[in-house]
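Visitor: Below you will find the structure I want to go over with you.
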Amino acid sequence: MNLMWTFWLAMAGLLLGHGLPGMIVGGIAGFIIDGVRQKRRYATPEVGGFIGPLFALLGAVAKSDGRVSQEEIAVAERLMSRMGLDAEQRKQAIESFNAGKQPEFDVTPSIDGLRRWVGLRRDHAFPVLDVVIETVLAEGNPPPEKMSLLRQLAFALRVSDMELMALMAMKGYAWNAGTGGSRGYGHGGGYAPQRNQQGPDPYTVLGVERSADDRAIKRAYRKLISEHHPDRLGDLPEDMRRRAEARASEINAAYERIKGERGFK
C-alpha cells in the first residue's frame, strides 16, 4: 500500500507541536485515507456501466468528420458481438450510438461517464481507449476531428499523449502529437498519423526515448507491466480483457526486442 498520507499527516502532527501523541493521531488519520484511496484505486467498475457512454462516444467519433461510414457501423456491430451484450444491453448500445451521431451531441457527459466508470483503474482505462481507437482508425488515417475526441478521452482518463501514441503504434500507426501538448485538443495539434510498415516501435510502446539508458527502460517496463497485468482486470467484458492481454503481450515483446538490441538482461 502507498502510505503517502500516513507519512505526511504523522509528520504534520509531530511538527504542529503535539509531539508523539499528535504524530500517532496524524498517522492513524493518514492510514485511513490511504486505505480509502487504495480501495478506490483497485475497485472493480460496475458491470455494464460503460455501455451507454462508450457507444454514445463511438457514435460521436464516427460522425465527427461529417458522415458515419459503413466501416464505422461495422466496428460498432463487431464490438457489440465481441462484448457478448445481451438483448437489453445491445438495445442500449444501439440507442446510445445513434444519439452520439446527432449533430448537436455533447460528448462531455459521455467522456465524464467513462472517467467515472474507470475511476482510478488505469488498467481499465487502456482497454476503453483501445475500443475507441478502433473506431478512430476504421477508415484509415483519421482526420483531426477524430483525434481530438480521442485525446479528450485520454486526458480525462489520465493517459498521456506518450501513452496514447504507444496504443496507436500497437495498431500499426505512427502519430506525431505535435506541439499542442497533452491538452492541445484543437485542430492545430500537428497530427500526422501514418501507416507504419515496420511494426510498433518498441521504444514508443514502452513510452521512452531511444536515448534512455538501460535503467530507465527497465523501470518503464516494470511500471507498464504492473499496470496492465491481465490478472488485475477484474470483471471486464471478455473483449476488453483480450485487448488488455494483447497490450501486455506487446509490452513484453517490446521489452524483449530492446533487450536483444542492447544486450542487457
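Results for (1) charged (D, E, K, R); (2) at pLDDT below 80; (3) within 20 Å of Val75 (Cβ to Cβ), shown as yes or no for each residue.
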| site | (1), (2), (3) |
| --- | --- |
| Thr135 | no, no, yes |
| Gly140 | no, no, yes |
| Met162 | no, no, no |
| Ala174 | no, yes, no |
| His187 | no, yes, no |
| Ala192 | no, yes, no |
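Visitor: What are the pairs, 6+ residues apart or on separate chains, where a residue within the range 57-83 that is of a type in the set (S, T, N, Q) and at pLDDT 90 or above has its Cβ under 8 Å from a residue that is part of a helix (DSSP H, G or I) and surrounded by fewer than 19 Cβ atoms within 10 Å (Cβ to Cβ)?
Guide: Once the first residue is of a type in the set (S, T, N, Q) and at pLDDT 90 or above and sits in the range 57-83, its partners that are part of a helix (DSSP H, G or I) and surrounded by fewer than 19 Cβ atoms within 10 Å (Cβ to Cβ) give Ser64/Glu145.
Visitor: Of the residues that make up the range 100-111, is at least one at pLDDT 90 or above and under 28 Å from Ile225 (Cα atoms)?
Guide: yes
Visitor: Pairs needed: first member in the range 245-263, in the same structural domain as Leu167 (by TED's automatic domain parsing); second member anywhere, of a type in the set (Gly, Ala, Ser) and at pLDDT 85 or above; C-beta distance under 9 Å; at least 6 residues apart or different chains.
Guide: Tyr255/Ala220
Visitor: Of the residues that make up the range 103-124, is at least one buried (at least 19 other Cβ atoms within 10 Å of the Cβ) and touching a strand residue (DSSP E or B) at 6+ places or on another chain (Cβ under 8 Å)?
Guide: Checked the range 103-124: no residue is buried (at least 19 other Cβ atoms within 10 Å of the Cβ) and touching a strand residue (DSSP E or B) at 6+ places or on another chain (Cβ under 8 Å).
Visitor: In the range 194-223, what residues are charged (D, E, K, R), at pLDDT 50 or above and not in a loop (DSSP other than H, G, I, E, B)?
Guide: Kept after step one, since they are charged (D, E, K, R), are these residues of the range 194-223: 195, 201, 209-210, 213-215, 218-219, 222-223.
Those left that are additionally at pLDDT 50 or above: 201, 209-210, 213-215, 218-219, 222-223.
Across the range 194-223, the qualifying residues are Asp214, Arg215, Lys218, Arg219, Arg222, Lys223.
Visitor: How many residues are assigned to a helix (DSSP H, G or I) and at pLDDT below 65 when one looks only at the range 224-236?
Guide: First, the residues of the range 224-236 that are assigned to a helix (DSSP H, G or I): 224-227, 230-232.
With at pLDDT below 65 added as a condition, the list becomes 230-232.
Result for the range 224-236: 3.
The values are calculated or read from the model by the stated rules, or taken from the named source; none is laboratory data. As the structure is a prediction and not an experimental result, all values here were calculated from the model. Backbone-built Cβ (ideal geometry, glycine too); neighbour counts: all protein chains shown.
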